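J.: Sharing a structure below in structure tokens format, with a few things to ask.
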Amino acid sequence: MIMIHVHPGMPQPTRFIDPVVLTKISSLELVARIVVEGFISGLHRSPHLGFSVNFAEYRPYHQGDDIRKIDWKVFARLDRFFIKEYEGETNTNIQLILDCSHSMAYGSRGISKLQYGQFLAASLGYFGFKQRDGVGFVSFDENVVEFVPPRGSIGHLNTVLHSIERTQAGQKTNILKPLVDVAERLRRRGIIIVISDLLDEPQRVMDGVRRLACKGNDVTVFQVLDPAELDFDFPESAQFIDMETRAEMHIIPEYVRREYCRIIKDQVAYYERECQKDRIDFAMVNTMQPLDHALFTYLLRREQAY
Amino acid sequence: MNFVNPLFFIGAAAIAIPVLLHLIKRERAKKIEFSTLMYLRKVSRKTIRYQKLRHLLLLLLRILAFALVVLAFTRPFLGVRQSGASLGRVTRAHIILLDNSMSMGYGDRWDAAKKSAAAIVRGAQQGDKVALIEFSDRTFVRTSLTSNFAEVLSQLQDGVELSDRATRYGQALKIAEKISLEAGTGKRVIHLISDFQKNGEAGEDQNFRLGAGVELERIDLGSDDFSNLALSNVQVVEASNGGGVLKIKCSLLNFGIKDRDNVKVALLIDSRNAGEQRFRILKGESIPVEFGLPGLTPGAHPVSLEVEDTNLTRDNRLAASVEALSRTAVTAVENAVSPAEGRSASYFLSSALNISALSPYQLTAVTPQKLEAAGRISGNLLIWNNVSGSSSILQKKLEDFVINGGGLAIALGSSTQAADFNRMFASWLPVKMEESGPGRGGRRSTDNYVLMTNISAAHPIFRPFSDPHSGTFVNARFYTYARLTVATGAEVLARFDNGTPALVAAERGKGRALVFASSADDSGNDLPLKAVYAPFWQQILRYLSHYREERRWVEVGETIAPRKLLEEAALRQGKTVTISDQAVALLDPAGDRVQMNPGSDVFTLDKAGFYQVRMSGLNVMIPVNPTPRESNLSHGDSEEMVSGWVSREPASVSQTAEKVRLEPAEQERMQQFWRFLLLAALLFLLTEAFLSAQMSQGSDEGMPKPGI
């Protein structure tokens, strides 16, 4: 059963789906479809001219239409001009890059950041595929774990979704190195979507992202954070263990909460500011935030951008 | 501070609640895996310390609030006079016992004692109180417990003075303890500043102990290393070769631990040097010193014996009074005796009274006719000795003589007839002689006699004979005696063994009369042949002359009655003065006039030397010497002495503190303290709530909001 949340601050009757509910669905494709079905067709346009191969419909010729698109066989039979239209398809490649470092395994509300990232990557991949874009997938921790180059064929979607689904939390985070690696492997410009918690040195993170952007790629960064990472709302003192380094630290949350929140806020603001400088889209998503809402808001912003 | 409901202190356990919560919260720290500690490490340590401090402040506020609530419920009140309790420390009551006995004059002990006392006063802190008591065998409170330390120091500077008195600790300690109780709460300390003489602990003080809670601190200025010479036991005696030569004797004592050579002892008579001797005296030795007294003019002479010793000068002089007697004239009235009749009636009396140069009496015999012819009876003493016949002129003369203070002794020999006696004396004396009796007219025989057995031994006349081996009258036989009838107003001092009065005393006016029922010679009895005869008649004359043994000196601390001394002196000198009407001056040894307490007839002698009691025409000198035991500076074990005085019961100060009872209204007022405590607790709780809320609010601030 799918629960539909209606957020009071959101425009009606848009439906949003609780990410935790999505975790109950075993098929990632189904998850992606559910999420994407709520959208209209792609909001972005292909930056390149290309050819379509899949027939969509016929329509009457209007003045100004390219006469090359007139189907002469239909004119011969009906003596009327019809334009043969094909399903809109771009030849843009979407490269999904998912952080699978160990810190992404953290989740305090029933869904980990990695799960959320998987859902997000799958949804975006499915959505891209629906628009005839080539979709690729990369997962990394301190190195590139899996690299699936983008393809536009129907069978490739399953490959991508399968790769996303089998992704597991790996080792430590070293975001610069894998991003540089990916930037060197990509030969064609396209859309690059980075999904990560960005829990690394901010300078190194931005260096990595800039390497992706500098080749003319349209880069979008999703910073996925858990509510506990944002609020640090632990009720009592505890021995906190770093999931990647296993270092321990005794923390009384109420002592540090205020300062911690300020640091996180500054961090997010830093990424926003730096990304804006390099015309990189940046979005911080909370794992408790509905996926479709995140996509909706994101795509809406992209539409406005183009 | 006291509490109305002290049981509420059990509620103080509630203070443990916030502490326990605080600790439990720390102990139960569980392990939480978190994505990264990177940002947590960036949280400044300063912030954490500040937060910890605020939390500790909150904890403190909670504890304080609990404590104040508990305290408010116990309803504290100040049940006793508030002293320094508000100062947050135990206050002290310092009672300084300053020994000013004569022995403290040895060396620089007195200065050291005053300095020690001043140091105690200067060491007292705010809220403390100090009392100053000087003591010897007399205790004098210079200042009661006071916070005015300047006043105490002023008394130490100018008020206290060394005395010639002996040391006595018990009485002083009792008074100090009593004063310490006035301090109420707080610590009570008695500071005993003394040389801790062994002799200072009087027998009656042996069992004395201070109450529980009173501390006794000693400042021992004494030492075992001392050397002191003193004179004591002065006596004036007749030289053994007789001849009326007197000599003065005393003992020279060396109390110190050193032998002394070439010690000079001088005699001063009337403040003039009358001789000196030099002695070698070993340590602990006592040697006799003797000076002959050259012919002195009649009257009292101040005599001093002085030893040269610089260590303790106050006991160097021994004062005495030597009276060169002008002998008291005694007139014996007797019938004229022809040579054929042999001895006169006063033969034995004359022998008994004119016995030596030391005898105070000079007997002169006169006939009744001669006495009648004389204008006035000279002297104060008259013996009517077996006189026959009567005369109204003589009767009047004798009566006036007695009324004006004269002493009349009547000896009833065989010549005295009852009718004559009754005519002469019965009208003004409560004694009557019977016409005939078993003792009258009887022949003297060895078988017919009576004994004087029933004697009033307590009477001054017979007191010297009351002790064993001091003389007896029972071996005297009375062959002839008069039968007397005694009326009211007369006292029978002795009776014969058949019950008839033997010696009757009566008073008339200022004078006294004695009637002896037998003769004064051996015609009616054999008393003149007994050893008690001369002292008996001397005692009779002493009684009739109101004689009182004059002491040659008194000790410091004794009391005198100046007016009484003057009366006795006047009587001895045969002067007729009315003492009560006249002003009396008392001069101390320095010659300064001493004020006597109004309404008091007695005065305590404080200083060694010669006091003088003066009145118009009369001067009595009173030699005063220090108590001999005070010269012995033997040092006691002060630690042992003090431990014998302090209480064996360990008690807290509050247990023995004297509580001041308060009126209910005042008590209620003092108990209102709880309201302020409760208010303070409320304020603490409000502050805690405010701080806590502020901290919570602060924690929620700055949380980043998700946004795309």
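The values are calculated or read from the model by the stated rules, or taken from the named source; none is laboratory data. None of these values were measured; they are calculated from a predicted model. No Cβ is skipped: glycine too gets one built from the backbone with ideal geometry, and neighbour counts run over all protein chains shown.
J.: Kindly indicate whether any position in the range B:315-326 is over 30 Å from residue B:289 (Cβ atoms) and touching a Phe, Trp or Tyr at 6+ places or on another chain (Cβ under 7 Å).
T.: Residues of the range B:315-326 over 30 Å from residue B:289 (Cβ atoms): none.
No, the range B:315-326 has no match at all.
J.: So, one more: Considering the range A:236-266 alone, what residues qualify as being more than 7 Å from chain B (Cβ to nearest Cβ) and more than 27 Å from the chain's Cα centre (by Cα)?
T.: A:245, A:246, A:248, A:252, A:253 - these are the residues of the range A:236-266 that are more than 7 Å from chain B (Cβ to nearest Cβ) and more than 27 Å from the chain's Cα centre (by Cα).
J.: What number of residues within the range B:373-412 are part of a helix (DSSP H, G or I), of a type outside the set (S, T, N, Q) and either touching a residue at least 40 places away in the same chain (Cβ under 8 Å) or surrounded by fewer than 14 Cβ atoms within 10 Å (Cβ to Cβ) (or both)?
T.: Count: 7.
J.: Test residue A:281 against the stated conditions and say whether it is within 12 Å of chain B (Cβ to nearest Cβ), of a type outside the set (A, V, I, L, M, F, W, C) and touching a Leu at 6+ places or on another chain (Cβ under 6 Å).
T.: Details: within 12 Å of chain B (Cβ to nearest Cβ): yes; of a type outside the set (A, V, I, L, M, F, W, C): yes; touching a Leu at 6+ places or on another chain (Cβ under 6 Å): no.
Taking the combined requirement at face value, the residue does not satisfy it.
J.: Sort out which residues of the range B:373-407 are more than 17 Å from residue B:542 (Cα to Cα) and in contact with a Ser or Thr (Cβ under 6 Å, 6 or more places away or on another chain), and write them in order of number.
T.: Passing the criteria: B:385, B:386, B:388.
J.: Being crowded, with 21+ Cβ neighbours inside 10 Å and within 14 Å of chain B (Cβ to nearest Cβ) is true for just one of A:200, A:233. Which residue is that?
T.: So the residue among A:200, A:233 that is crowded, with 21+ Cβ neighbours inside 10 Å and within 14 Å of chain B (Cβ to nearest Cβ) is A:200.
J.: If the requirement is being assigned to a loop (DSSP other than H, G, I, E, B), polar (S, T, N, Q), in contact with a strand residue (DSSP E or B) (Cβ under 9 Å, 6 or more places away or on another chain) and within 29 Å of residue B:107 (Cα to Cα), which of these qualifies: B:273, B:311, B:262? If you could, list the steps in order and put the result at the bottom.
T.: On the way: B:273 fails: assigned to a loop (DSSP other than H, G, I, E, B); B:262 fails: assigned to a loop (DSSP other than H, G, I, E, B).
Checking each option against the conditions leaves just B:311.
J.: Residue B:529 - would you say it is over 19 Å from residue B:409 (Cα atoms) and at pLDDT 90 or above? I'd like the intermediate steps shown before the answer.
T.: Working: over 19 Å from residue B:409 (Cα atoms): yes; at pLDDT 90 or above: yes.
For residue B:529, the condition - over 19 Å from residue B:409 (Cα atoms) and at pLDDT 90 or above - is met.
J.: Quick check on the range A:203-220: of everything there that is in a strand (DSSP E or B) and away from chain B (no Cβ under 11 Å), which residue is surrounded by the fewest Cβ atoms within 10 Å (Cβ to Cβ)? Steps first, please.
T.: The initial filter retains those residues of the range A:203-220 that are in a strand (DSSP E or B), namely A:218-220.
Keeping just the survivors that are away from chain B (no Cβ under 11 Å) gives A:218-219.
Numbers: A:218: 21, A:219: 27.
Across the range A:203-220, the extreme among qualifying residues is A:218.
J.: Follow-up. If you go through the range B:622-638 one residue at a time, do you hit one that is under 27 Å from residue B:323 (Cβ atoms), over 20 Å from the mean Cα position of the chain (by Cα) and not acidic (Asp, Glu)?
T.: no
J.: Do the conditions hold for residue B:332, that is, is it in a strand (DSSP E or B), under 40 Å from the mean Cα position of the chain (by Cα) and aliphatic (A, V, I, L, M)?
T.: Numbers: in a strand (DSSP E or B): yes; under 40 Å from the mean Cα position of the chain (by Cα): no; aliphatic (A, V, I, L, M): yes.
For residue B:332, the condition - in a strand (DSSP E or B), under 40 Å from the mean Cα position of the chain (by Cα) and aliphatic (A, V, I, L, M) - is not met.
J.: Right, another one. Restricting attention to the range A:245-280, report how many residues are farther than 20 Å from residue A:222 by Cβ and in a loop (DSSP other than H, G, I, E, B).
T.: 4
J.: What are the pairs, 6+ residues apart or on separate chains, where a residue within the range B:32-57 that is surrounded by 13 or more Cβ atoms within 10 Å (Cβ to Cβ) has its Cβ under 7 Å from a residue that is at pLDDT below 75?
T.: Here the result reads B:54/B:695, each pair linking the range B:32-57 to a residue that is at pLDDT below 75.
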